[in-house]
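Only the coordinates and a few stated rules stand behind these numbers; no lab work does. All of these numbers come straight from a predicted model, not from anything done at the bench. All Cβ positions, even for glycine, are placed from backbone atoms using ideal geometry, and neighbour counts span all protein chains on display.
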Amino acid sequence: MIPAAFDYVRSHSADEAFAELQKYGADARVLAGGQSLIPAMRFRLARPSVLVDINNLRDLSAVRVNDGTLHVGAITRDSDIERASWINERRWTLIHDVSCVVADPVVRQMGTLVGSLCHNDPAGDWPAAALAARAEVVVRGTSGTRKVPIDAFLVDSFSTAVAEGEMALEARFPVPDERTAGSYRKIERKVGDFATAGAAVQISLNADGTIRTAGIALTAAGPCAVRVDEAERALVGQKPGADLIRAAADAASKKSAPQADLRGSIPYKKSLAGVLVARGLRQAFERLGVNV
Amino acid sequence: MKVSVTVNGTTFERDVQPRKLLAYFLRDDCGLTGTHVGCDTSNCGCCVVVMDGDRAVKSCTMFAVQADGHQILTVEGLADGATLHPLQQGFWDQHGLQCGYCTPGMLLTAYALLKHNPNPSEAMIREGLSGNLCRCTGYQNIVKAVQQAAEKLREAAAVAS
């Protein structure tokens, strides 16, 4: 269970890290939290010949809100998000929920949100949350820095819009308005196991109580996190209600395309996707003070 | 690669391969075998140590080179001479272990937990220890041990201030 040998480069600035990644291309991997990469290397599922350690880049460790945006740096730990002073505000309930259930509490003290997005494991929690919250990822490439909307960022299982020699610098979440709440519901066999199924939900209401925006996405329901756009469209403009929740849940079950494994069959997981979206919506509405 | 890691206040300067995991560095290069390797796959938490005072990390899922220049606390660094740390005393008094294999990881995870939250509820302790597996005791006495330690540490902090 010892990883294959590799060369280790500790970078002291984003410029330096980027230069190293440019130099080594496909042979190099960024080492941030390492909570997915290191186990993969130990199982020899990953054999990078160079690791570029970015853990010293303090500039990338921030989790802060400014200019209407939540910035989460490439080495911001999940536990930093879980402990942020503003995280208990209702508008951040989706992000807060996720920050409390990724892997286990010790792994969260090293693991990073941006790393989870870059790893893009179909069972990872952050990709679905990023879809529901309509995040974008700032990527440094040869032609400068670009912002990639999350839908375009998550390409396929373990594959993202970050090309060889590039690096993700931070994830950005638009600050939701006051009348926003979310929820993240997941079923796991035990703490730290891969999700059997998960659902991320974020809802903003208009002043008249109708739904202004809806974000709904699924974990472990396809090659990577899945946006349930049919459910989102069904919700917008409507008043929260039981029928609406049922319709969204049905759309989620239909959209879910999981793989059968020891955690459950395809019909079971498709059913769970609907159940978790319904629970998530009910909780988000409750958090908004709406009875359904 | 040359690294300098301060473990329990003592600086260890060693030449290691980048692929050496921190758990094996502590055990084989520093001779500190109190840090246990259980599952070797970051599931069980037996290998947890505390980095830079308040962060619990699984030392089987971190390279020794990442600890270069950092402070590591292992189970060997908890007691003050013959006086056990309140967490160790809690495990002793409440029978928080049988075989003891998971205990170092439990102690260090709880240590970081109490640094961030000196007065956790029972639910918070259970949640905080949910990444650590014990196959003997069933957790009940481990939770009691942490509760006892939290109380003792709060009393000590109150006296000190």
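Could you size up the charge dipole of the stretch B:2-77 around its Cα centre, putting +1 on the beta carbon of Lys and Arg and -1 on that of Asp and Glu, and report it in debye to the nearest 20? Here the stretch B:2-77 has a charge dipole of around 160 debye. The residues B:Asp93, B:Asp80, when put in order of fewest to most other Cβ atoms within 10 Å, stand as B:Asp80, B:Asp93.
Rounded, prolate or oblate: which fits chain B, taking a ≥ b ≥ c as square roots of the Cα gyration tensor eigenvalues, rounded meaning a/c under 1.5, else prolate when a/b beats b/c? Because a/c hits 1.5 or more and a/b exceeds b/c, chain B counts as prolate. Let a ≥ b ≥ c be the square roots of the eigenvalues of the Cα gyration tensor of the stretch A:180-287; is it rounded (a/c under 1.5), or, if not, prolate (a/b larger than b/c) or oblate? It is prolate, given that a/c is not under 1.5 and a/b is the larger ratio. With angles folded into 0 to 90 degrees, how steeply does helix B:103-116 sit against the dominant principal axis of chain B? Use alpha carbons for both and round to 10. Once rounded, one gets 70 degrees. Charged neighbours of A:Ser183, selected by a Cβ distance under 12 Å, balance to +4 (K, R count +1; D, E count -1).
Cβ-to-Cβ counts within 10 Å put B:Ser130, A:Ser253 in ascending order as B:Ser130, A:Ser253, the fewest first.
Contact order, relative form, for the stretch B:1-102: 30 percent (alpha carbon pairs under 8 Å, 6 or more residues apart, mean separation divided by residue count). Pairs to check: A:Lys190/B:Lys144; A:Lys147/A:Lys239; A:Lys23/A:Lys147; A:Lys239/A:Lys269; A:Lys147/B:Lys58; A:Lys186/B:Lys152. Give those whose C-alpha atoms are more than 31 Å from each other in this structure. In this structure, A:Lys147/A:Lys239; A:Lys147/B:Lys58; A:Lys186/B:Lys152 lie more than 31 Å apart at Cα. Using a simple spin-label model with pseudo-atoms 7 Å out from Cα toward Cβ, B:Met124 and B:Ala82 lie 3.6 nm apart. Compute the helix-to-body angle for B:140-160: its Cα long axis versus the longest principal axis of chain B, expressed 0 to 90° and rounded to tens. Computed tilt is about 90 degrees.
Under 20 Å from the Cα of B:Lys2, which lysines turn up, not counting those fewer than eight places away in the same chain? Qualifying lysines at Cα under 20 Å: B:Lys20.
Placing +1 on the Cβ of every Lys and Arg and -1 on the Cβ of every Asp and Glu, with no other charges, gives chain B a dipole of roughly 280 debye about its Cα centre. Here the 3J(HN,Hα) profile of the stretch A:192-205, calculated from phi with Karplus coefficients 6.51, -1.76 and 1.60 at θ = phi - 60°, is x, 6, 4, 4, 6, 7, x, 9, 10, 9, 9, 10, 10, 9 Hz, Gly and Pro shown as x. As a proxy for reagent exposure, ranking B:Asp68, A:Asp125 by other Cβ atoms within 10 Å from fewest up yields B:Asp68, A:Asp125.
Computed from Cα positions, the angle between helix A:14-24 and the longest principal axis of chain A comes to roughly 70 degrees.
Where a ≥ b ≥ c are the square roots of the eigenvalues of the C-alpha gyration tensor, would you call the stretch B:20-80 rounded, which needs a/c under 1.5, or, failing that, prolate if a/b is larger than b/c, or oblate?
On the way: a/c = 1.27, a/b = 1.17, b/c = 1.09.
The shape class here is rounded.
Each Cα pair under 8 Å and six or more residues apart adds its sequence gap; the mean of these over the residue count of the stretch A:58-174 is a relative contact order of 28 percent.
Per DSSP H run of at least 4 residues, take -39500 (n - 2.57); add these up for chain A, divide by its residues and hand me the 222 nm value, nearest 500 deg cm²/dmol. Could the numbers behind the result be given before it?
Details: 10 runs with 90 residues, N = 292.
Dividing the helical sum by the residues of chain A leaves -8500 deg cm²/dmol.
If you count the DSSP beta bridges with both ends in the stretch B:2-77, what percent of them are antiparallel, to the nearest 5? Here the antiparallel bridges make up roughly 85 percent for the stretch B:2-77. Basic side chains Lys and Arg get +1 at the Cβ, acidic Asp and Glu get -1 at the Cβ, and with that the dipole of the protein assembly as shown about its Cα centre reaches some 1000 debye. Under the Karplus relation 6.51 cos²θ - 1.76 cosθ + 1.60, θ = phi - 60°, what is the ordered set of whole-Hz ³J(HN,Hα) values for the stretch A:150-162, x standing for Gly and Pro? Whole-Hz 3J(HN,Hα) from phi for the stretch A:150-162: 4, 4, 7, 5, 7, 8, 6, 3, 6, 9, 9, 6, 6.
For chain A, the relative contact order is 15 percent, taking Cα pairs closer than 8 Å that sit 6 or more residues apart in sequence and dividing their mean separation by the residue count.
For the stretch A:8-95, the set of GluC sites (Glu not before Pro) satisfying both a DSSP loop assignment and a count of at most 12 other C-beta atoms within 10 Å is empty. Estimated from helical segments only, the mean residue ellipticity of chain B at 222 nm is -9500 deg cm²/dmol, where each DSSP H run of four or more residues counts as -39500 (n - 2.57).
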